[in-house]
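Take a look at the structure below.
The values are calculated or read from the model by the stated rules, or taken from the named source; none is laboratory data. Please read all numbers here as calculations on a predicted model, not as lab measurements. Cβ coordinates were reconstructed from backbone atoms using ideal geometry, including for glycine residues, and neighbour counts include every protein chain displayed.
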Amino acid sequence: MKKTLLFVLTLSALSARTTSVVRKYHYVEMLKTWSDAQSYCREKFTDLATVENQSDNDRLLSELQGVGNYAWIGLYDNMEGWKWALGNADFSKEYDKWGSDEPNKKDYYEACTVMKSDGRWFDGRCGLKKSAVCYYEKGPSHYILVKTGMTWQDARTYCRSNYTDLASVRNKSENDDISSLLTECTWIGLRRKTWSYWSDQTPTTFTNWNKNREGGESCAAVNTTTGRWWDVGCDMTNYFICQKVHSRQQQTFKLRFQSEADLTDPALQQQMLEQLHAKLEKHGLSDFKLRWTVTDGQAFHKEQKKKKDEGSCG
């Protein structure tokens with residue numbers, strides 16, 4: 001009578017886009033600038049450390065050696081990442097009216113844009129209260145000056161509630177129309193979102209800043225004693241923390257064979273496993289597990305559940 005052998009093939013593979021991301025951190029005692037540390041981590045590991053949640057932060061802190069110095073992590077402040085409020089559109093350099101040496105990037109708080117009555121733009125602290133220019137798509141006049149002093153965020157909320165949005169500027173004509181309404185520094189819709197991405201381009205969803213930091217620099221480092229983050233000059237040399245990322249997805253396949261041979265013979269089973277293993281590796285698969293169940297004819301019986309291997313993501 002023919003015997004039927006049922007293989008259960010479990011494949012685990014690395015994936016760049018998955019919710020199951022495991023980061024292993026490595027504290028590197030070499031003095032490097034932030035950029036050089038990033039290059040080293042990308043060459044030797046995956047990237048500079050990303051801290052996406054409290055669990056990541058706890059594991060990162062467990063790697064630190066509390067000697068009171070700084071260690072680079074992968075968070076940085078992109079000083080060039082300006083966007084318009086309307087449609088969250090990227091700032092196009094095809095037209096701008098920045099004043100001399102602007103945006104001057106004095107500190108990370110200066111992330112919002114004001115226009116002066118002469119039409120020039122300046123970066124300013126978003127929490128200051130100033131008048132604003134709203135854009136009104138449906139109105140006879142597209143630009144509305146609101147003289148009430150508001151923060152940039154409040155101005156955007158007001159413009160979106162009462163008109164369309166804070167004003168965007170795409171050309172000289174629009175800039176002239178807006179500046180003709182002004183007598184003082186006034187908010188327009190251009191803003192830079194600070195500290196928004198990590199080195200590996202993961203969006204920022206968690207931070208652990210020291211509350212007393214003053215700002216003004218563009219690269220983040222963790223104090224190895226307190227575990228709090230500070231913004232530090234990117235050209236300084238510090239130790240750093242790399243990450244090795246394991247992102248796993250798993251699939252299971254069932255392969256059924258029928259043969260007159262005695263498929264319950266352990267020696268034959270081992271031979272078949274070795275042959276299948278070699279075939280899979282030849283086709284580029286190296287991270288997989290094989291097991292089988294044996295049944296008579298078509299009467300299949302479920303294999304008893306086995307304890308998962310440590311580290312399995314199944």
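For residue 156, the conditions (1) touching a residue at least 60 places away in the same chain (Cβ under 8 Å); (2) loosely packed, with under 14 Cβ neighbours inside 10 Å all hold with the exception of (2).
Residues that are farther than 21 Å from residue 218 by Cβ and of a type in the set (Asp, Glu) within the range 23-50 comprise 29, 43, listed in sequence order.
Would you confirm, using the coordinates I've provided, whether residue 226 is more than 16 Å from residue 70 (Cβ to Cβ), hydroxyl-bearing (Ser, Thr, Tyr), at pLDDT below 95 and not in a strand (DSSP E or B)? No, not satisfied. For the range 212-223, the set of residues classified as under 18 Å from residue 59 (Cα atoms) and either in a loop (DSSP other than H, G, I, E, B) or of a type in the set (A, V, I, L, M) (or both) consists of 220, 221, 222, listed by residue number. Could you tell me whether residue 160 is in a helix (DSSP H, G or I) and not polar (S, T, N, Q)? So residue 160 fits the description; yes. Against the conditions (1) buried (at least 20 other Cβ atoms within 10 Å of the Cβ); (2) closer than 25 Å to residue 216 by Cβ; (3) not polar (S, T, N, Q), residue 125 satisfies every one except (1).
In the range 229-247, the qualifying residues are those that are assigned to a strand (DSSP E or B) and hydroxyl-bearing (Ser, Thr, Tyr), and the one that is farthest from residue 67 (Cα to Cα) is 247. Across the range 25-57, the qualifying residues are those that are small (Gly, Ala, Ser) and at pLDDT 95 or above, and the one among them that is farthest from residue 244 (Cα to Cα) is 35. Annotation: of all residues in the range 93-133 being charged (D, E, K, R), out of contact with any Gly (no Cβ under 8 Å at 6 or more places or on another chain) and not in a strand (DSSP E or B), the one that is modelled with the highest pLDDT is 118. Restricting attention to the range 194-211 and to residues that are of a type outside the set (Asp, Glu) and surrounded by 15 or more Cβ atoms within 10 Å (Cβ to Cβ), the residue that is farthest from residue 58 (Cα to Cα) turns out to be 194. Just wondering, is there one or more residues in the range 119-133 that are on the phi > 0 side of the Ramachandran plot and touching a Ser or Thr at 6+ places or on another chain (Cβ under 8 Å)? Yes, that holds for at least one residue.
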